[in-house]
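First up is the structure itself, then whatever we jot down about it.
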Amino acid sequence: MIIQFFIKIIVSVISLIKGMMVTIKYFFNRPITMQYPEQKSTMTERYRGVVALIIDEKTGKHRCIACLICVRICPNYSLSLEPAVDEQKKRYPAKFSLKLGQCMFCGLCVDACPTTALENNKEYELATYTKEELVRSLLP
């Protein structure tokens with residue numbers, strides 16, 4: 001019993017020293033401070049921001065064919081799309097909106113799109129004063 005008590009004390013002291021070593025290592029590093037409104041942070045390459053439609057450079061239109069795969073794969077139904085058909089019998093989205101308050105930025109809609117019409121942009125300033133501003137239309 002007494003031996004186990006001293007072993008627990010020794011293990012506790014060792015774990016305390018390990019934790020303090022991590023703290024001491026970061027204590028001597030310089031702090032990274034940004035003056036936020038003037039300086040904006042650069043997002044990493046794999047950052048997943050707000051979903052946006054890609055505009056094709058050749059045609060000047062978006063690539064979306066209104067197949068509704070992105071709407072079906074969304075786990076919390078934050079995308080809504082209303083398809084329409086033009087004169088040449090091609091489908092296109094008449095309304096395409098994203099509810100930012102529900103979106104978890106998982107990127108499943110971007111991965112599932114067969115025409116690569118969706119992408120995650122680097123926008124990170126998403127604060128609003130009302131809930132209505134959190135519903136965004138993805139169409140230009």
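The values are calculated or read from the model by the stated rules, or taken from the named source; none is laboratory data. If you're wondering where the values come from, they're calculated on a predicted model, not measured in any experiment. With ideal geometry, Cβ positions are generated from the backbone for all residues, glycine too; neighbour counts draw on all protein chains shown. Heavy atoms of the whole protein, side chains included, go into the accessibility calculation; ligands, DNA and RNA do not. Shrake-Rupley method; radii C 1.70, N 1.55, O 1.52, S 1.80 Å.
Taking every residue in region 115-140 that is more than 17 Å from Gln102 (Cα to Cα) and open to solvent by less than 70 Å² (accessible area, probe 1.4 Å) and pairing it with any residue that is in a helix (DSSP H, G or I) and among the hydrophobic types (A, V, I, L, M, F, W, C), at least 6 positions away or on another chain, the pairs with Cβ-Cβ distances below 9 Å are Ala117/Cys70; Leu118/Cys70; Leu118/Cys109; Leu118/Val110; Leu118/Ala112. Residues in region 61-90 that are more than 15 Å from Leu138 (Cα to Cα), in a loop (DSSP other than H, G, I, E, B) and either open to solvent by less than 100 Å² (accessible area, probe 1.4 Å) or at pLDDT below 90 (or both): Cys67, Cys74, Pro75, Asn76, Asp86. Here Ile55 meets each of (1) surrounded by 10 or more Cβ atoms within 10 Å (Cβ to Cβ); (2) out of contact with any His (no Cβ under 6 Å at 6 or more places or on another chain) with one exception, condition (2). Report yes if Glu45 is out of contact with any strand residue (DSSP E or B) (no Cβ under 9 Å at 6 or more places or on another chain), of a type in the set (Asp, Glu), open to solvent by 30 Å² or more (accessible area, probe 1.4 Å) and part of a loop (DSSP other than H, G, I, E, B), otherwise no. Yes; evaluated as a whole, the condition is true for this residue.
Taking first residues from region 38-49 that are over 10 Å from Glu123 (Cα atoms) and partners that are part of a loop (DSSP other than H, G, I, E, B) and open to solvent by less than 70 Å² (accessible area, probe 1.4 Å), the Cβ contacts under 9 Å between residues at least 6 apart in sequence or on separate chains come to Lys40/Tyr124; Ser41/Tyr124.
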